[in-house]
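Right, one structure below, let's go through it.
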Amino acid sequence: MNMDELQKIIDDIRAEVREQIAQLGSLEELKQFEARITGKKGRLGELLSSIGKVAKEQRAALGGLLNSAKQEVQSGIDEMRERLQQAEHHAEQQADVGLDLTLPGRVLRPGGVHPVTAVQWEVEAIFERLGFTIEAGPELESDHYNFEALNIPAWHPARDMQDTFWLTNGYLLRTHTSPVQVRSMEKFGPPLRCIVPGRCFRYETIDASHENTFFQCEGLMIDRGISVANLIAVMKLLLREVFHRDVRIRLRPGYFPFVEPGFELDMNCAICNGSGCPTCKRSGWVEIMPCGMVHPNVLRHGGIDPAEWTGFAFGLGLTRLAMMKYGISDIRVMNSGDLRGLQPYERLGSFAL
Ligand code: FA5
């Protein structure tokens, strides 16, 4: 064998190593491969042991060529061994934590926006365009802000209008968002334009349209010369924007100690189109937005002079508004842990994301 012949054999072996080594999947396969190439009976191994038979003067040159080829191949094999060792170690670790990479993937359902949140965002956007700010107040409230400052002293029969969850320390879970009226008056003073979306709690019997935990959105506008005309204009605009159509409403006198005059604003039930159903208690109308002109006593509690300033307030039932807007006939799906009831509405909020 001369140098050229040996070089050709070595080139063949190199090509074979290059092609096969990357396809080895385990240390065991690598071991067998190594034996076939560099092992004593392997292709390079046999060539090396046959060196003794070559003429003396050629031996050193051929031996040098073979040794450097063997080193090159061996370092490729060693590198592959390291990689396979790491991969096997990793697989063992995953097996330890019970990870089965052969399991099919789990479909991840993206979360959706709750219908009340979706309608709240819409209401907020409408009022922001009208120059209202968005305020918040505590859900755990004092008797003072929830009742006293709203012209409902302890002896007042109107306390019974809202069944209250009382805490043993005299505090309560707010029964409405109205306590934030006087809080905002104290904080900002007149003139004032704000809304307060938030959660309320009542010790109520639950049915298709009553929950013990629900959302309201308080509205308050105080300025010089505010009248019932401003109130009605804002209410109509709000409903037209939310429903994208003119909504049939009716305004009737309503009694709330914190407004004078007070009104009940009902809208035509969107579930039955006014023909009567369990949601509207077969009346065709849904109480959605009690409202009125802020009582002078409430302005005084907020440190505002009723001789100079007047204002209107409303308490929009946000949960009921969401029901009317999205055709949800039973309020109980709103708070239920069973998400199947809300699944049809899970894409509502995407417009705002
Ligand atoms: C009030 O809570 C007054 N604070 C509203 C108000 C504010 C009047 C400002 C005047 C001026 P009422 O108890 O009617 O009012 O509740 C207001 C709205 O909240 C109702 O029209 C209704 O849409 C909603 N609501 C009341 N109770 C529940 C309930 N248990 N479940 C779901 N929604 C309710």
Original post:
Right, ASP207: at pLDDT below 95 and open to solvent by 60 Å² or more (accessible area, probe 1.4 Å) or not?
Top reply: no
Original post:
Does region 148-177 hold any residues that are farther than 15 Å from VAL259 by Cβ, hydroxyl-bearing (Ser, Thr, Tyr) and modelled with pLDDT of 95 or more, and which are they?
Top reply: TYR171, THR175
Original post:
Out of ARG183, ARG174, which single residue is surrounded by 15 or more Cβ atoms within 10 Å (Cβ to Cβ) and within 12 Å of the ligand (Cβ to nearest atom)?
Top reply: ARG174
Original post:
Just wondering, is there one or more residues in region 159-170 that are in the same structural domain as GLY315 (by TED's automatic domain parsing), buried (at least 21 other Cβ atoms within 10 Å of the Cβ) and either free of Cβ contacts under 8 Å to residues at least 24 places away in the same chain or in contact with a Gly (Cβ under 8 Å, 6 or more places away or on another chain) (or both)?
Top reply: no
Subject >> Residues satisfying the stated conditions in region 301-330, i.e. of a type in the set (D, E, K, R) and closer than 16 Å to HIS176 by Cα >> reply: ARG320
Original post:
GLN120 passes all but one of (1) free of Cβ contacts under 8 Å to residues at least 40 places away in the same chain; (2) in contact with a strand residue (DSSP E or B) (Cβ under 6 Å, 6 or more places away or on another chain); (3) over 30 Å from PRO306 (Cβ atoms); (4) not β-branched (Val, Ile, Thr); which number fails?
Top reply: (1)
Subject >> Near pairs, Cβ below 9 angstrom, 6+ apart or cross-chain, from region 128-152 (under 16 Å from VAL234 (Cα atoms) and in the same structural domain as ARG300 (by TED's automatic domain parsing)) to any residue that is of a type in the set (Ser, Thr, Tyr) and modelled with pLDDT of 95 or more >> reply: THR133/SER184
Original post:
Under the condition of being more than 9 Å from the ligand (Cβ to nearest atom) and among the basic types (Lys, Arg), which residue from region 280-336 is surrounded by the most Cβ atoms within 10 Å (Cβ to Cβ)?
Top reply: LYS325
**OP:** All but one of (1) touching an Asp or Glu at 6+ places or on another chain (Cβ under 9 Å); (2) surrounded by 14 or more Cβ atoms within 10 Å (Cβ to Cβ); (3) under 21 Å from ALA125 (Cα atoms) hold for VAL247, so report the exception by its number.
**Re:** (1)
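Restricting attention to region 210-229, which residues are part of a strand (DSSP E or B) and either open to solvent by less than 50 Å² (accessible area, probe 1.4 Å) or of a type in the set (D, E, K, R) (or both)? Steps first, please.
Restricting attention to region 210-229, the residues satisfying the condition of being part of a strand (DSSP E or B) are 210, 213-223.
Selection gives HIS210, THR213, PHE214, GLN216, CYS217, GLU218, GLY219, LEU220, MET221, ILE222, ASP223.
Go through ARG248, ARG193 for me and flag whichever is more than 10 Å from the ligand (Cβ to nearest atom), in the same structural domain as HIS295 (by TED's automatic domain parsing) and farther than 25 Å from ARG282 by Cβ. I'd like the intermediate steps shown before the answer.
Values: ARG248 fails: farther than 25 Å from ARG282 by Cβ.
Every option except ARG193 fails the conditions.
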Subject >> Matching option when the condition is of a type in the set (A, V, I, L, M), open to solvent by 50 Å² or more (accessible area, probe 1.4 Å) and within 23 Å of TYR345 (Cβ to Cβ), among LEU130, LEU103, LEU108 >> reply: LEU108
Original post:
Does at least one position in region 333-353 carry a residue that is acidic (Asp, Glu) and at pLDDT below 90?
Top reply: yes
Subject >> Within region 201-226, considering residues that are of a type in the set (Asp, Glu) and under 22 Å from VAL123 (Cβ atoms), the one nearest to the ligand (Cβ to nearest atom) >> reply: GLU211
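The values are calculated or read from the model by the stated rules, or taken from the named source; none is laboratory data. Since this is a predicted model, take the numbers as computed values, not measurements. Don't worry about glycine lacking a Cβ; one is built from the backbone with ideal geometry, like all the others, and counts go over all protein chains shown. For the accessible areas, the whole protein counts, side chains as well, though only heavy atoms, and no ligand, DNA or RNA atoms are used. Shrake-Rupley method; radii C 1.70, N 1.55, O 1.52, S 1.80 Å.
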